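> Once you've had a glance at the structure underneath, I'll fire off some questions.
Please treat every number below as a calculation from the coordinates, not as lab data. Source: prediction; values computed, not measured. Virtual Cβ from ideal backbone geometry, glycine too; neighbours counted across all protein chains shown.
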Ligand SMILES: [Zn+2]
């Protein structure tokens, strides 16, 4: 599933190609993409609009249109936003919507599993916030995400720290990959109760989350599955994973065998020596 670095990679690429340009035509091939809006109405509202900016919060991509509306996009499990300089010669597999740009280029929203979504947000801050409904909290790389805000979110919580940092209302943009990598860097077991972390551990975890996300952006995201960037290319983060998807391999820090289990309903990887789990009842 694309996380913050993957969406940011796509945002940067699309901003270069289509920022400031006009969407001449939209074709919705799968009505589920824009549900509950009528596909023809969506096409009508987006066609002819110019793209003023591309922004991102967490895993959401926002395309600011002239007139103040914004197109919100979420790739979910397998969504892709593919740019091509001209109309593709053959139909893009699993294409769900096609956005044609005034320079002849095309952006295709493709999605095998069809969980991805696109919808229009109204202009005006208040209306937009109402339509948005607090889907996502503070972006992990924004100045608003601090060690202190993380500490406040974890305080008193008995849920696993991994489950808490996956909660997009606590910190937006972290998914299964970067959660495992950040917890390893911070030397915190993913199953620890959120409220049990000491202040120094929270500081380490905050720093590790940002460090791993920035590394992911620097190498264009992680592509062990269907993730592709806007050019159809692969990222390099999968080659830099420290523990994620490395069960049975030696820990890069201490050589202990990396373990895998299920935490917060997600396949989770950790080093049992670098990330100790206190025994129940231990002080
Ligand atoms: Zn280790």
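> Going by a ≥ b ≥ c, the root eigenvalues of the Cα gyration tensor, does the stretch 129-282 fall in the rounded group (a/c under 1.5), the prolate group (a/b larger than b/c) or the oblate group?
Numbers: a/c = 1.77, a/b = 1.04, b/c = 1.71.
Oblate.
> Measuring from label point to label point, each 7 Å out along Cα→Cβ, what is the residue 247 to residue 135 span in nm?
3.2 nm
> In terms of the Cα gyration tensor, with a ≥ b ≥ c the square roots of its eigenvalues, is the stretch 4-132 rounded because a/c is under 1.5, prolate because a/b exceeds b/c, or oblate?
Details: a/c = 1.27, a/b = 1.19, b/c = 1.06.
Rounded, since a/c falls under 1.5.
> Continuing with the same structure: Calculate the FRET efficiency for residue 85 and residue 256 from the Cβ-Cβ distance with a Förster distance of 41 Å, rounded to the nearest 0.05.
Numbers: r = 49 Å, r/R0 = 1.19.
It comes to 0.25.
> Given Cα pairs under 8 Å that are at least 6 residues apart, what percent is the relative contact order of the chain?
Numbers: 581 pairs, mean separation 50.7, N = 283.
Normalised by residue count, the contact order of the chain is 18 percent.
> Continuing with this model, one more query. Between residue 128 and residue 12, what is the FRET efficiency for a Förster distance of 22 Å, r being their Cβ-Cβ separation, to the nearest 0.05?
Numbers: r = 24 Å, r/R0 = 1.07.
After rounding, the FRET efficiency stands at 0.40.
> Does anyone have the angle between helix 199-218 and the longest principal axis of the chain? Alpha-carbon axes, 0 to 90°, nearest 10?
With rounding to tens, the tilt is 40 degrees.
> Pull out a ≥ b ≥ c, the square roots of the eigenvalues of the alpha-carbon gyration tensor of the chain, then state rounded if a/c is under 1.5, prolate if not and a/b is larger than b/c, and oblate in the remaining case. The partial results should precede the final answer.
On the way: a/c = 2.49, a/b = 1.80, b/c = 1.39.
Because a/c hits 1.5 or more and a/b exceeds b/c, the chain counts as prolate.
> Could you check the spin-label model distance between residue 210 and residue 37? Points 7 Å from the Cα along Cα→Cβ, value in nm.
Those two pseudo-labels are separated by 3.5 nm.
> For the chain, with a Gaussian network of springs between Cα atoms less than 10 Å apart, report the residue from 175, 221, 134 with the top mean-square fluctuation.
134
> Got a sec? Which residues in the stretch 64-102 would a label at residue 115 touch, if it sits 7 Å along Cα→Cβ and we count backbone N under 13 Å?
74-80
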